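Heads up: the structure comes next, in structure tokens.
The values are calculated or read from the model by the stated rules, or taken from the named source; none is laboratory data. None of these values were measured; they are calculated from a predicted model. With ideal geometry, Cβ positions are generated from the backbone for all residues, glycine too; neighbour counts draw on all protein chains shown. Just so you know, the surface numbers come from the protein's heavy atoms only, side chains and all, with ligands and any DNA or RNA stripped out. Shrake-Rupley method; radii C 1.70, N 1.55, O 1.52, S 1.80 Å.
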Amino acid sequence: MEDINLFTKEKQTNLYELLREVNRLKKSLVDGCFNQNGKLNKDSITFSQFQMLQLINYFDGNCILKDISEKSGISKGALSIMITKLELMNLIEKYLRKDQTDKRSISIKLTERGKRILVNKEKELSNIIEKEMLSNLDKEDYDFISNVVVNTTKVLEKMTCKGDDKNE
């Protein structure tokens with residue numbers, strides 16, 4: 001089988017820049033929910049904490065620090081500090097799953113309070129996007145953005161699925 005490198009170094013750099021820009025735009029959308037102190041208004045969690053709650057929720061209570069570190073790109077040391085803060089805020093809880101024999105592999109899940117805050121913040125973000133951003137778009141612009149997001153998501157899923165297949 002012929003090994004074809006579909007992406008030149010320049011295209012790889014451009015893709016990285018594009019993904020970085022998407023992340024920057026996402027953060028700027030979320031910043032609409034933040035007050036002057038960098039905290040989400042009602043429940044006083046930071047943007048980083050919000051993202052971590054989303055990631056833990058993604059794993060649906062079946063994750064360990066190693067999983068989160070790999071998915072988020074955050075070092076285990078920095079992640080441990082953030083997890084401790086979230087636990088002190090009663091947003092997450094650590095537990096040892098019955099199938100785990102290694103006591104160092106503590107699992108993490110959202111508490112009821114953590115789930116409630118996450119749902120509230122996601123609704124708040126959705127409202128801000130709908131009322132303050134999408135209301136300024138005409139149908140043509142909205143359709144264009146919708147198509148870009150859908151197609152970008154499909155491409156990124158293909159990219160990440162290929163990586164996940166190697167681990168199975």
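Structural remarks
- Entry remark, the stretch 102-114: residues being of a type outside the set (A, V, I, L, M, F, W, C) and at pLDDT 80 or above number 6 in total.
- Residues that are among the basic types (K, R), modelled with pLDDT under 80 and over 25 Å from I45 (Cβ atoms) within the stretch 115-157 are absent altogether.
- Every residue from the stretch 77-87 that is surrounded by fewer than 16 Cβ atoms within 10 Å (Cβ to Cβ) and either modelled with pLDDT under 85 or among the β-branched types (V, I, T) (or both): I81, T84
- Taking each residue of the stretch 70-91 that is within 21 Å of T111 (Cα to Cα) and looking for partners that are charged (D, E, K, R) and open to solvent by 50 Å² or more (accessible area, probe 1.4 Å) with beta-carbon atoms closer than 8 Å, six or more apart or interchain, yields I83/K94; E87/E93; E87/K94; N90/R113; L91/R113.
- Residue within the stretch 36-45 that is on the phi < 0 side of the Ramachandran plot, at pLDDT 80 or above and either surrounded by 14 or more Cβ atoms within 10 Å (Cβ to Cβ) or out of contact with any Leu (no Cβ under 7 Å at 6 or more places or on another chain) (or both) present: yes
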